[in-house]
Amino acid sequence: MTSVERALCKVPEVTLTFWIIKIAATTLGETGGDAVTMSLGLGYLTGTAIFAAVFVVAVAAQIAARRFHPLLYWLTIVATTTVGTTLADFADRSLGIGYVGGSVLLLALLLATLGLWHTSQGSVSVATVNSPSTEAFYWTTILFSQTLGTALGDFLADTSGLGYGGGALAFGAALVVIAGLYFRTKVSRVLLFWAAFILTRPLGATVGDFLDKPLVNGGLALDRFTASAVLAAFMVLCILVSAQTEATGSEGSEAS
């Protein structure tokens, strides 16, 4: 990405820190979504409505912003992952279509969105996210990818018998394979990015379930609100450190 493209782009650079924050955000989405729907007893439909409203407001603020704001961006990511959690649970459980049916439906919606994005804009690369129309496609794609990731995580952890720990290891291994393809092959970077973006969601979902589900179900039974607060604090710390590092790097480049 050129310096001009970087200045216009309203999403962060894809670095190791980006993926660390992304996994923390998806884990927070699972614990936070469960805290509202289960701990508060509001249910999946009400929880989805609440988080969908937060998502709409966050996306509107993100699109209206004239430049990249790290905290706003990651708040919007957390909004997509929380609404993705409750929406997937509502589709899988309340609608009765199951994990497989929910995953197939969400995969179709995700592929349709990517197809429309590519047809309309000519690319689905994050480097092109610098206009309201492209941002709309970007956030819709993320919403469906987060929701699909939740359904996949629940399917592997619950239906396959791997459990939360086994599911997290499986998705972690898949991400290692994608990293290997990135460093060792010439496979499309855009394809690998979206594959990794999708897979970090079920990784976060299984880790989140492992943290807050009852001991009899294979979890650690941690308080959902406490776990969510710790994850949120960790995210903010990473965002601030990343922003400071980028600022120092920019100053060094200008000085040279």
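Every read-out reported here was derived from the displayed coordinates using simple, explicitly stated rules and does not represent laboratory data. Since the structure is predicted, the reported quantities are computational estimates derived from the model, not experimental observations. Here Cβ is always computed from backbone atoms with ideal geometry, including for glycine, and neighbour counts include all displayed protein chains.
Counting Lys +1, Arg +1, Asp -1, Glu -1, what net charge surrounds Gly165 among other residues with beta carbon under 12 Å of its beta carbon?
Residues near Gly165 contribute 0 overall.
Return one number: the angle in degrees, 0 to 90 and rounded to the nearest 10, between the long axis of the Cα atoms of helix 98-121 and the longest principal axis of the Cα atoms of the chain.
20 degrees
What relative contact order, as a whole-number percentage, does the chain give when Cα pairs under 8 Å and 6 or more residues apart are counted?
27 percent
Among Thr128, Thr119, rank each residue by its count of other Cβ atoms within 10 Å, from fewest to most, as a rough exposure measure.
Ranking Thr128, Thr119 by Cβ neighbours within 10 Å, fewest first, gives Thr119, Thr128.
Read phi for every residue in segment 11-17 and hand back ³J(HN,Hα) as whole Hz from Karplus 6.51 cos²θ - 1.76 cosθ + 1.60, θ = phi - 60°, with x for Gly and Pro.
Whole-Hz 3J(HN,Hα) from phi for segment 11-17: 10, x, 5, 8, 10, 4, 4.
Taking only Cα atoms and a 10 Å spring cutoff, compute GNM fluctuations for the chain and point out the largest among Gly41, Gly149, Gly208.
Checking each option, the largest mean-square fluctuation is seen for Gly41.
For segment 103-248, with the dipole built from +1 on Lys and Arg beta-carbon atoms and -1 on Asp and Glu ones, taken about the Cα centre, which of Tyr138, Gly161, Gly204 lies farthest toward the positive end?
Tyr138
Compute the long axis of helix 189-212 from its Cα atoms, compare it with the longest principal axis of the Cα atoms of the chain, and write down the angle in degrees, 0 to 90, nearest 10.
That works out to roughly 40 degrees.
With charges set only on the Cβ (+1 for Lys and Arg, -1 for Asp and Glu), what does the dipole of the chain come to about its Cα centre, in debye to the nearest 20?
Dipole magnitude for the chain comes out near 460 debye.
To make sure I understand, if each residue's beta carbon is the centre and we count other beta carbons within 10 Å, what order do Thr15, Thr185, Thr37 fall in, fewest to most? Write down the numbers at each step before the final one.
Numbers: Thr15 12, Thr185 9, Thr37 24.
Lowest to highest Cβ neighbour count: Thr185, Thr15, Thr37.
Give a residue-ordered list of calculated ³J(HN,Hα) values for segment 41-49 (Karplus: 6.51 cos²θ - 1.76 cosθ + 1.60, θ = phi - 60°; whole Hz; x for Gly, Pro).
x, 7, x, 5, 5, 5, x, 4, 4
If you take the charge dipole of the chain about its Cα centre, with +1 on Lys and Arg Cβ and -1 on Asp and Glu Cβ, which of Val241, Asn217, Ala229 is farthest toward its positive end?
So the residue furthest toward the plus end is Val241.
Could you work out the mean projected area of the convex hull around the alpha carbons of the chain, in square nanometres to one decimal?
Averaging across all directions leaves 13.9 nm² for the Cα convex hull.
Sorted from fewest to most neighbouring beta carbons within 10 Å, what does the list Tyr138, Tyr182, Tyr73 look like?
Listed from fewest to most nearby Cβ atoms, that is Tyr182, Tyr73, Tyr138.
On C-alpha positions alone, give me the angle between the axis of helix 70-89 and the longest principal axis of the chain, in degrees, nearest 10.
30 degrees
What are the radius of gyration and Dmax of segment 35-122, computed over its Cα atoms and given in Å?
In order Rg, Dmax, the Cα atoms of segment 35-122 give 15.1, 44 Å.
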